[in-house]
Amino acid sequence: MKYPSIIKGAILSLLLTSTAIAVKAQKIEEQDLKININKIADPAAHLQNLQPVAFQYNTAQFKHLKFPAGTQYGFLASNVKTEFPELVYETSQIYTSGKNNTKTAKYQKVETESLIPVLVAAIKEQQAQIDQLKKEVEQLKSK
C-alpha cells in the first residue's frame, strides 16, 4: 500500500513545480520590448498603390497544398512588396509526392494583419483632412 501515497506525492510535486514555473514568468513592458517607434509616414499614399483582389487558388494543380476552395480576398504579394516589402515573406509547405518521397513548395505570402495599423493611420489622416475641409466650408459660408 506504499505505492498509492508515492504516486500521490509525485503528482502533488509535479503540480507544485508547474505552478512555480508559471509564477516565475518574466513580464516585459511594451516600452522595453519595442524600439525605434515612429509614426507611419504617408499611409494613404502607400495604400493608394495597393490593388485589392478577389481570387481563387489553383486547387486543381496544387491539390497537395490544401489551399481553401472558393473566392478569397487579399493582395498579390508582388503588389504589396513594392509598398511594404517587410509584409511579404516566403513560406513553405512540405508535402508527400509518391511513396516515401516529400517535396517542399515555396511561395510568397502577405502578412495582411500588419496592414491594420496602416489602415488606421490612413483613416486618421483622411479624417484630419475632412475636418479641415469642414472648417474651410464653414468659413466660406459665414462670409
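The values are calculated or read from the model by the stated rules, or taken from the named source; none is laboratory data. Everything numeric in this text was worked out from a predicted model, so none of it was measured. In this analysis, Cβ positions are derived from the backbone assuming ideal geometry, glycine residues included, and neighbour counts consider all displayed protein chains. Each accessible area value is taken on the protein alone, full model and side chains, heavy atoms only, with ligands, DNA and RNA left out. Shrake-Rupley method; radii C 1.70, N 1.55, O 1.52, S 1.80 Å.
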| query | Residue by residue through the range 132-143, which ³J(HN,Hα) values in whole Hz follow from phi under the Karplus form 6.51 cos²θ - 1.76 cosθ + 1.60 (θ = phi - 60°), with glycine and proline marked x? | reply | 5, 5, 4, 4, 4, 4, 4, 5, 5, 5, 7, 7
| Residues of the range 12-143: accessible area per residue at 1.4 Å, in Å²? | 84
| request: Over 27 Å between C-alpha atoms is what I'm after, so list which of Lys81/Lys134; Lys39/Lys141; Lys34/Lys124 land there. | output: Lys81/Lys134; Lys39/Lys141
| message | Once you place label points 7 Å from the Cα toward the Cβ at Ala77 and Ala41, how far apart are they in nm? | response | 2.7
| query | What's the long-distance tail for the range 92-143, i.e. % of Cα pairs beyond 19 Å? | reply | 63
| Reduced Cα scattering model of the range 30-69, Debye log10 I(q)/I(0), q = 0.24, 0.25 Å⁻¹ | -0.82, -0.85
| request: Pop the C-beta distance of Leu33 and Ala60 into the FRET formula with R0 = 30 Å and round what comes out to the nearest 0.05. | output: 0.10
| query | How many Å³ per residue does the convex hull of the Cα positions in the range 24-134 occupy? | reply | 197
| query | To the nearest 10 Å², what's Lys63's accessible area with a 1.4 Å probe? | reply | 150
| remark: Once phi for every residue in the range 25-40 is put through the Karplus expression 6.51 cos²θ - 1.76 cosθ + 1.60 (θ = phi - 60°), the whole-Hz ³J(HN,Hα) values, with Gly and Pro written as x, are 4, 7, 9, 10, 6, 4, 5, 7, 6, 10, 10, 6, 7, 9, 5, 7
| query | Given charges of +1 on the Cβ of Lys and Arg and -1 on the Cβ of Asp and Glu, with all other atoms neutral, how large is the dipole of the range 23-89 about its Cα centre, in debye to the nearest 20? | reply | 360
| query | Where the centre of each part is set by its Cα atoms, how far does the range 24-55 sit from the range 106-143, in angstrom? | reply | 16
